[in-house]
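*Asks:* Below: one structure in structure tokens.
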Amino acid sequence: MNQPASAYFIEDRHDPNETHTLAVLVQNEPGVLARVIGLFSGRGYNIESLTVSETEAQKHLSRITIVTTGTPMVIEQIKHQLDRMIPVYRVVDMTQTKRSIERELAMVKVRGQGEHRVEALRLADAFRARVIDATTESFVFEITGNTDKINQFIDLMRPLGLVEVSRTGVAAIGRGPEGM
Amino acid sequence: MSDKSHDPNQMTGAAMIVRALIDHGVTDIFGYPGGAVLPIYDEIFQQSQVQHILVRHEQGAGHAAEGYARSTGKPGVALVTSGPGATNMVTPLTDALMDSIPLVCISGQVPTHLIGNDAFQECDTVGITRPCTKHNWLVRDVNDLAKVLHEAFYVATSGRPGPVLVDVPKDVQFATGTYHPPRKSDVHRSYAPRVKGDATQIRKAVSLLANAKRPVIYSGGGVINSGPEATNLLRELVEVTGFPITSTLMGLGAYPASGKNWLGMLGMHGTYEANMTMHDCDVMLCVGARFDDRITGRVDAFSPGSKKIHIDIDPSSINKNIRVDVPIIGDCGNVLGDILQVFKSEAKKPDIKSWWQQIAQWRARNSLYYKKSNDVILPQHAIQSLFEATRGKDTYITTEVGQHQMWAAQFYGFEEPHRWMTSGGLGTMGYGLPAAVGVQVAHPDSLVIDIAGDASVQMTMQEMSTAVQYELPIKIFILNNQYMGMVRQWQQLLHGNRLSHSYSEALPDFVKLAEAYGAVGLQVHKPGDLDGAIKEMISVKRPVLFDCRVAALENCFPMIPSGKAHNEMLLPEQANDEATAKAFAAGKALV
């Protein structure tokens, strides 16, 4: 290892990255999302996807779902760093539990006429995407599924006149009767 | 309406702040007034339970509050105005976060309706301080203020301690609402730090300790933060096990430097015996320390053959830098108590005689050796003389950051916790002088000394004025080598001896400067005059700037060069030009 002239020990890390989905239950108070995002940017962690919404209005609870990548050691750090924040109730690694369902919703706008338009409609049907807006030269499809399915659908729409996509990001929940 | 006017808990936001300080036992706060905190200052003026110390710069208030907190174990409190008042607090808040110091900062904010309007002296205080506090709050309703203030004190002082900030807009300070004394329900239900260690893990730890052949205890600031009980238990554990013990910079004093099992500090400028013991041990017990990069050296070569037990109240400290075998999450004092109990009932003192023999050989290398001179004062000698002159006295030491700080850690023997205040994690030059102000406020009759460097001390020199105003007889012991010594040392070692901007030119005459402040200035050049001058400094009951002229080019050894492991230390007798060049060969290749 060639050590550059530095007051710090510079090391190469070779552990492979993993992708994990984390569910974070937080007190819904001003600044809580900024805290969570600030933690990720401040410590150099990745955010692949992030969704947040109040889930229990009475108790002021919000649920944040974060898809992140990192080495196993970094993923552990992220969970602990999140967990020690004052307004965070719980952090659950949905990937580690191996018993979670992940869904994402996308709205996909496609513009085209003739054969392309027919093909888009046929593929939408195969993917169980619904038409939620239509003009004589366009459709907006609503599709729900895991990230891979949505990516695949979008890839197929591209040559058929894809205009734009709006995605919610991943929401996740555990299987079985127990809550997080 | 008439009922409310007689209710003693009806008061303005400003009054609530002072009342909450009193309810939390705060007797001294450090601050600087300004437009957005005038209502609070008006309340302070009309009472006498909370003494306010007026600093000369808000950074000084923060460090003074830190010094106060570190030397007492109580939270330090700072009060600053909006905008620049708050931004000047960023350094001390970050410093306190890195070193887990309980600090409560109250900042004024522009009135609620002006927030976001780029009003005069407005800044996004909670936004700016979010990453440098354990938690912070912007209070928009006076009826939330009492709860938030009580929660702030709880969060700052519980679990892993740290700084918190409460931002209070001026209209909230003026508004009248209902105050309530502290109560349990004031705290976030989501915040519940774990104090008690897992019993199974504790048994595993005891089993490792009982069967160790080459054990070491490595303790840190967490032991001191945990309180006097943890310190007593740590000392008892050393006694019961007979294990060698080393400590981080932050942990000095938890185990007495005169204790027979003491190895000295470990890490980059730690002793040879401490680092070799860490490297060759088979069982390591880390108590309230965090495997910081100044401690570990090269991580992939860090103590390769050992089983590691790590006690920490913060789960995020576990496996952050070094993977450990037995993590125990909990308060140091609590966990040490449990470990001791199990150890005493189920294990006996392991025989580690041959390990101690090995350690004795490392000790014999005398890694803190330096060559005294009759002509010029060696900085190490100056610290030793200071130590001898203050031995047995009720003394508190603060430092700035750099070579003098490391020499102080190496050569000043700390016998008790809370006696050593230094900026460890953040490495804040300018910390020591205002910290000494805070320590002296907390301990008016004690001897408080800031071991300083000529560069660091100029960063917060203005607080001499505070010391003079409040008759705080702090002693600023400046090891004046006319360099930023540590910067220069690195430039010599790694940057081809090109001393880029690391010298102190146009230094003030510290004696005249002291006199200008209304303090006492002393200067010493000759080793023969040192002891007498130190004696004079101690006997003067006023603030002193002590200009100790030391050997300009002395460097701090032993040292773990960058990219090296604990067993590759550079010892003082090896630190000639050739060996240094070789040790830093990788670095030299790039300069």
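The values are calculated or read from the model by the stated rules, or taken from the named source; none is laboratory data. This is a predicted model, so every value here is computed, not measured. A quick note on method: Cβ atoms are made from the backbone with ideal geometry, for glycine too, and the neighbour counts reach across all protein chains shown. These area figures cover heavy atoms from the full protein model, side chains too; ligands, DNA and RNA do not enter into them. Shrake-Rupley method; radii C 1.70, N 1.55, O 1.52, S 1.80 Å.
*Asks:* For labels at A:ASN151 and B:ALA301 in the simple 7 Å Cα→Cβ model, what's the distance in nm?
*Replies:* Here the modelled spin labels are 4.1 nm apart.
*Asks:* Quick check for you: which residues of segment B:161-190 have the amide N under 15 Å from the point 7 Å beyond the Cα of B:GLN47 toward its beta carbon?
*Replies:* B:173-174, B:177-182
*Asks:* List the GluC sites (Glu not before Pro) in segment A:40-146 that DSSP assigns to loop (not H, G, I, E or B) and whose Cβ has at most 16 other Cβ atoms within 10 Å. Which are they?
*Replies:* A:GLU48, A:GLU137
*Asks:* Under a 1.4 Å probe, what is the accessible area of segment A:18-93 per residue, stated in Å²?
*Replies:* That works out to 42 Å² for each residue.
*Asks:* Given the pairs A:LYS59/A:LYS98; B:LYS134/B:LYS320; B:LYS196/B:LYS320, which are separated by over 23 angstrom at their Cα positions?
*Replies:* In this structure, A:LYS59/A:LYS98 lie more than 23 Å apart at Cα.
*Asks:* Also, quick follow-up: Nearest 100 Å² is fine: what is the total accessible surface buried where chains B and A meet, probe 1.4 Å?
*Replies:* Between B and A, the summed buried area is about 2600 Å².
*Asks:* Starting from the Cα of B:LYS349, draw a straight line to each of the lysines and keep only those under 23 Å, dropping any in the same chain fewer than 8 residues away.
*Replies:* Once the sequence-local lysines are set aside, what remains near B:LYS349 is B:LYS204, B:LYS213, B:LYS260, B:LYS307, B:LYS308.
*Asks:* Return the loop-located GluC sites (Glu not before Pro) in segment B:182-250 (DSSP other than H, G, I, E, B) with at most 16 other Cβ atoms within 10 Å of their own Cβ; answer none if there are none.
*Replies:* Loop-located and lightly packed - none at all.
*Asks:* Share of antiparallel DSSP beta bridges in the protein assembly as shown, in percent to the nearest 5?
*Replies:* Looking only at bridges with both residues in the protein assembly as shown, the antiparallel portion is about 45 percent.
*Asks:* Within the set of other residues whose C-beta is less than 11 Å from the C-beta of B:VAL80, count the net charge using Lys and Arg as +1 and Asp and Glu as -1.
*Replies:* Surrounding charge for B:VAL80 is -2.
*Asks:* If you don't mind, another one. Please state the charge dipole magnitude for the protein assembly as shown, taken about the Cα centre, from unit charges on C-beta atoms (+1 on K and R, -1 on D and E), reported in debye and rounded to the nearest 20.
*Replies:* For the protein assembly as shown, the charge dipole is close to 1760 debye.
*Asks:* Could you compute the net charge surrounding B:ALA199? Neighbours are other residues with a C-beta less than 14 Å from the C-beta of B:ALA199; K and R count +1, D and E count -1.
*Replies:* +1
*Asks:* In nm, to one decimal, how far is the modelled label at B:SER185 from the one at A:THR55, with both set 7 Å along Cα→Cβ?
*Replies:* Modelled inter-label distance: 2.6 nm.
*Asks:* Also, I was wondering about something else. Using Cα-Cα distances under 8 Å and only pairs 6 or more residues apart, what relative contact order does segment A:18-93 have, in percent?
*Replies:* About 46 percent, as a whole number.
*Asks:* So, one more: Taking R0 as 25 Å, what's the FRET efficiency between A:ARG175 and B:LYS196 from their Cβ-Cβ distance, rounded to 0.05?
*Replies:* According to the calculation, E is roughly 0.15.
*Asks:* Still on this structure: Run the numbers on chain B and let me know its relative contact order in percent, using alpha-carbon pairs under 8 Å that are six or more apart.
*Replies:* Reported relative contact order: 14 percent.
*Asks:* Indicate the gyration tensor shape class of segment B:349-398 (rounded, prolate or oblate), computed on the Cα atoms with a ≥ b ≥ c the square roots of the eigenvalues: a/c under 1.5 is rounded; otherwise a/b larger than b/c is prolate and the rest oblate.
*Replies:* Oblate is the answer for segment B:349-398, as a/c is 1.5 or above yet b/c matches or exceeds a/b.
*Asks:* Taking all protein chains as present, what is the carbon and sulfur share of the accessible area of chain B, in % to the nearest whole number, probe 1.4 Å?
*Replies:* Using a 1.4 Å probe with all protein chains present, chain B comes out at 51 percent carbon and sulfur.
*Asks:* In the neighborhood of A:SER49, defined by Cβ-to-Cβ distances under 10 Å, what is the net charge if each Lys or Arg adds +1 and each Asp or Glu adds -1?
*Replies:* Taking every other residue near A:SER49 into account, the sum is -2.
*Asks:* Where the only charges are on Cβ atoms (+1 Lys, Arg; -1 Asp, Glu), what is the dipole of segment A:18-93 about its Cα centre, to the nearest 20 debye?
*Replies:* Dipole size: approximately 180 debye.
*Asks:* Would you compute, from DSSP H runs of 4+ residues alone, the mean residue ellipticity of the protein assembly as shown at 222 nm, taking -39500 (n - 2.57) per run and dividing by the full residue count, rounded to the nearest 500?
*Replies:* Helices in the protein assembly as shown give a 222 nm mean residue ellipticity of -10500 deg cm²/dmol.
*Asks:* Helix A:32-42 against the longest principal axis of chain A: what's the angle in degrees, Cα atoms only, rounded to the nearest 10?
*Replies:* Computed tilt is about 70 degrees.
*Asks:* Still on this model: Please get the size of the charge dipole for chain B, origin at its Cα centre, with Cβ charges of +1 on Lys and Arg and -1 on Asp and Glu, quoted in debye to the nearest 20.
*Replies:* For this selection, approximately 1780 debye.
*Asks:* Give me the accessible area of B:LYS371, 1.4 Å probe, in Å² rounded to the nearest 10.
*Replies:* B:LYS371 exposes around 150 Å² with every protein chain in place.
*Asks:* Rounded, prolate or oblate: pick one for segment A:18-93, where a ≥ b ≥ c are the square roots of the eigenvalues of its C-alpha gyration tensor, a/c under 1.5 means rounded, and failing that, prolate if a/b is larger than b/c, else oblate.
*Replies:* Judged from the Cα gyration tensor, segment A:18-93 comes out prolate (a/c at least 1.5, a/b above b/c).
*Asks:* Additional query: At a cut-off of 10 Å², which residues of segment B:466-497 become less accessible once all protein chains are present than in their chain alone, using a 1.4 Å probe?
*Replies:* Those are B:TRP490, B:LEU494, B:HIS495, which lose 10 Å² or more relative to the chain on its own.
*Asks:* I would also like to ask the following. Enter the angle in degrees (range 0 to 90, nearest 10) between the Cα long axis of helix B:527-539 and the first principal axis of the Cα atoms of chain B, meaning the one along which they spread out most.
*Replies:* Rounded to the nearest ten degrees, it is 30.
*Asks:* Give the shape of chain B as rounded, prolate or oblate, defined through the alpha-carbon gyration tensor: a ≥ b ≥ c are the square roots of its eigenvalues, a/c under 1.5 means rounded, and otherwise the shape is prolate if a/b is larger than b/c and oblate if not.
*Replies:* Because a/c hits 1.5 or more and a/b fails to exceed b/c, chain B counts as oblate.
*Asks:* So how tilted is helix B:485-494 from the main axis of chain B? Cα-based, degrees 0 to 90, rounded to 10.
*Replies:* Once rounded, the angle reads 50 degrees.
*Asks:* Report the calculated FRET efficiency for B:GLU515 and A:HIS14 (r = Cβ-Cβ distance, R0 = 56 Å), to the nearest 0.05.
*Replies:* 0.40
*Asks:* What percentage of the solvent-accessible surface of segment A:100-174, computed with a 1.4 Å probe over protein heavy atoms, is contributed by carbon and sulfur atoms?
*Replies:* In segment A:100-174, the share of accessible area belonging to carbon and sulfur is 50 percent.
*Asks:* Please give the per residue accessible area of chain B, computed with a probe of 1.4 Å over protein heavy atoms only, in Å².
*Replies:* 38 Å²
*Asks:* Under the definition of Cα pairs under 8 Å and six or more residues apart, what whole-number percent is the relative contact order of chain A?
*Replies:* Reported as a whole number, the value is 24 percent.
*Asks:* Measuring from a point 7 Å past the Cα of A:SER166 along Cα-to-C-beta, which residues in segment A:56-91 have an amide N at less than 13 Å?
*Replies:* Of the residues in segment A:56-91, none has backbone N under 13 Å from the label point off A:SER166.
*Asks:* Then there's this: Hey, can you list the residues from segment A:73-100 whose accessible area shrinks by 20 Å² or more with all protein chains present, relative to the chain by itself (probe 1.4 Å, no ligands or nucleic acids)?
*Replies:* Residues meeting the cut-off: A:MET73, A:GLN77, A:HIS80, A:ARG84, A:ILE86, A:TYR89.
*Asks:* Residues of segment B:106-131 with accessible area at least 40 Å² lower in the all-protein-chain context than alone (1.4 Å probe)?
*Replies:* For segment B:106-131, once contacts with the other chains are taken into account, B:ARG130 lose 40 Å² or more.
*Asks:* How far is it, in nm, from the label point at B:ALA552 to the one at B:GLU573 when both lie 7 Å from their Cα along the line to the Cβ?
*Replies:* Taking the simple label geometry, B:ALA552 and B:GLU573 are separated by 3.0 nm.
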